[in-house]
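> First the structure, then my questions, so here it is.
Quick note: the coordinates plus some simple rules give every number you see, no bench work behind them. Here the structure is a predicted model, which means the values were calculated and not measured. Note: ideal-geometry Cβ built from the backbone for every residue, glycine included; neighbour counts use all protein chains shown.
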Amino acid sequence: MTRPERAPAPKRAKGARTSASAAAEAKAATAPPQLDLFPVRPVVDVLDPRSVVGAQTGVEHLVRVRLRPNDAPHLIFHDRHGWYCESHGPSCHTVQLARDEIK
Ligand SMILES: [Zn+2]
């Protein structure tokens, strides 16, 4: 990223710059990030593989993981190949969330 070219800012009276940054610092100190107060927990739904994949399926576990309620779900399968995400494979980080839910 490059900054757009600008004319040099006109010189200001001393004090204007420091008071603005001091106000910003004070705000940052008194307003902790909201994520720390209200962490968004992933939504993990354990599904029945036989009702989703079929009665003859060899899938042992089927788990739907959404990192946030409105996110697209990851479908995690556990079958003879092991645990894996339908979209991202075994290295998808939601696989661990699914495994934790089954244990
Ligand atoms: Zn995934």
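> Using a Debye calculation, one point per C-alpha and no hydration shell, please list log10 I(q)/I(0) for the range 40-103 at q = 0.19, 0.24, 0.25 Å⁻¹ in order.
Rounded to two decimals, the profile gives -0.64, -0.98, -1.05.
> Now a separate question. About the Cα centre of the range 43-102, how large is the charge dipole given +1 on each Lys and Arg Cβ and -1 on each Asp and Glu Cβ? Please answer in debye to the nearest 20.
I would put it at about 60 debye.
> Could you give the length gained on full extension between Arg66 and Leu47, defined as 0.36 nm per residue of separation minus the Cα-Cα distance, in nm?
Here the answer is 5.5 nm.
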